[in-house]
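J.: Could you have a look at this structure, given as structure tokens, before my questions?
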Amino acid sequence: MIAFTNTETTNKDYDIIIENEINSESYCLALLQKFSTMPLSHYSNFINHQISLVTNQCGWLINLEEFIHYNEATFKSKTAVLKYNKIFHLIEQKQIEKQSPSIQGIPFCQSKKLINSECDDRYFSFYETKIKVERIENFTEKIIHLTDEIFLYKQAEKYSINIFLKPYDEQCQQLIEHLQTIRKLQNDFEKEQNNNIPNQLPFKKMRINCNLNQFVDIYYQFSRELFVEGRSIIDGSVNDLVAIIVNSYVDKEGKEISPETVKTLLTPSRTDKRPKPHKRIDIDKML
């Protein structure tokens with residue numbers, strides 16, 4: 001809610017101007033007055049100007065949508081109905097334009113029912129966060145992201161909380177616990193599988209002293225690019241290669257290697273994740 005007095009404004013056409021006390025009531029009246037007196041052709045510029053003044057652009061658009069719905073009775077005349085429809089068309093258009101830069105394909109402006117709470121500079125939607133976490137490949141990064149979200153939520157001064165959804169921080173914490181449980185089950189299963197392999201020599205995981213993508217790319221070359229009598233030098237599935245790498249090696253910092261990361265590096269279409277030609281360890285030239 002940003003408004004100016006006549007002496008403060010730098011844009012009389014598109015600023016909300018209030019001479020008396022600035023509060024929710026005076027702001028809403030001034031906003032209705034703007035839409036009432038402003039030509040339809042100026043609506044788009046007006047809305048663009050207003051969302052440029054606020055940090056939480058999504059929240060402003062959602063609040064505008066609810067505000068116009070609530071005041072639907074004021075748009076009764078034929079001209080007013082045109083204005084009413086124009087406002088909603090522009091709101092929808094702006095919401096489509098405002099796509100989340102970090103999560104392609106997820107609407108930046110969620111429906112109110114999917115937003116857990118709102119504060120001045122952002123909103124918290126577990127629906128959106130869960131989708132983002134599912135797209136993060138590294139397990140540790142998933143946990144860090146959720147932990148950061150819990151911290152930010154607890155620090156935020158929230159002015160709106162959706163009572164029909166569980167608290168945002170609780171949902172994030174439950175997802176952390178679920179991911180950790182799944183990770184433990186996977187590790188236990190792998191250990192059990194290893195213990196069931198007869199005559200396996202005991203060994204300690206070896207450290208990789210180059211970049212992980214360079215090392216995994218060697219396996220990629222053996223399985224996809226180098227052949228002996230028409231067959232790849234290493235003949236196995238991606239999952240087999242992932243298991244061999246994560247069960248046999250640690251990265252150059254001595255940390256466990258993420259299966260998701262290795263699988264991505266071994267995926268033929270993910271050339272962007274493998275090393276550039278000048279940084280590649282070219283096995284073909286060594287043979």
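Taken together, the values in this text are just the output of simple stated rules run on the coordinates, not laboratory data. None of the values given here were measured: they were computed from a predicted structure. As a convention, Cβ positions derive from the backbone with ideal geometry for all residues, glycine included, and neighbour counts pool all protein chains shown.
J.: Taking 8 Å as the Cα distance limit and 6 or more residues as the minimum spacing, I'd like the relative contact order of the chain as a percentage. Write down the numbers at each step before the final one.
T.: Values: 263 pairs, mean separation 31.3, N = 287.
In percent, rounded to a whole number, it is 11.
J.: OK, next. Using the beta-carbon distance between residue 135 and residue 233 and R0 = 30 Å, what value does 1/(1 + (r/R0)^6) give for FRET efficiency, to the nearest 0.05? It would help to have the intermediate numbers written out before the result.
T.: Details: r = 33 Å, r/R0 = 1.10.
Calculated value: 0.35.
J.: Going by Cα centres, segment 162-233 and segment 56-89 are how many Å apart?
T.: 51 Å
J.: Taking Rh as the Kirkwood radius computed over C-alpha pairs, what is the Stokes-Einstein D of the chain at 25 °C in a medium of viscosity 0.890 mPa s, expressed in µm² per second?
T.: Values: Rh = 24.0 Å.
It diffuses with D of about 102 µm²/s by this estimate.
J.: How many lysine pairs are close in segment 112-190, with Cα atoms under 17 Å apart and the two 8 or more places apart or on different chains?
T.: Total qualifying Lys-Lys pairs in segment 112-190 comes to 12.
J.: Here's something else I'd like to know. Among 150, 119, 181, flag the residue with its Cα farthest along the positive direction of the charge dipole of segment 112-190, charges on Cβ as +1 for Lys/Arg and -1 for Asp/Glu.
T.: Comparing the listed Cα positions along the dipole, 119 ranks first.
J.: Rg and Dmax in Å for segment 122-212, alpha carbons only: what are they?
T.: Values for segment 122-212 (Cα only, Rg and Dmax): 18.9, 63 Å.
J.: Taking springs between alpha-carbon atoms closer than 10 angstrom, which of 193, 174, 57 fluctuates most in the Gaussian network model of the chain?
T.: Among 193, 174, 57, the largest mean-square fluctuation in the Gaussian network model of the chain belongs to 193.
J.: Just how large is the dipole of segment 196-287 about the Cα centre, in debye to the nearest 20, putting +1 at every Lys and Arg Cβ and -1 at every Asp and Glu Cβ?
T.: 300 debye
J.: About the Cα centre, and with charges only on the beta carbon of Lys, Arg (+1) and Asp, Glu (-1), how big is the dipole of the chain? Nearest 20 debye, please.
T.: Details: 36 positive and 39 negative charges, 147 e Å.
With only Lys, Arg, Asp and Glu charged at Cβ, the dipole is about 700 debye.
J.: Amide H neighbours of residue 250 under 5 Å, counting only residues 5+ apart in sequence or on other chains, H built in-plane at 1.01 Å?
T.: Distant-sequence amide H within range of residue 250: 206, 207, 208.
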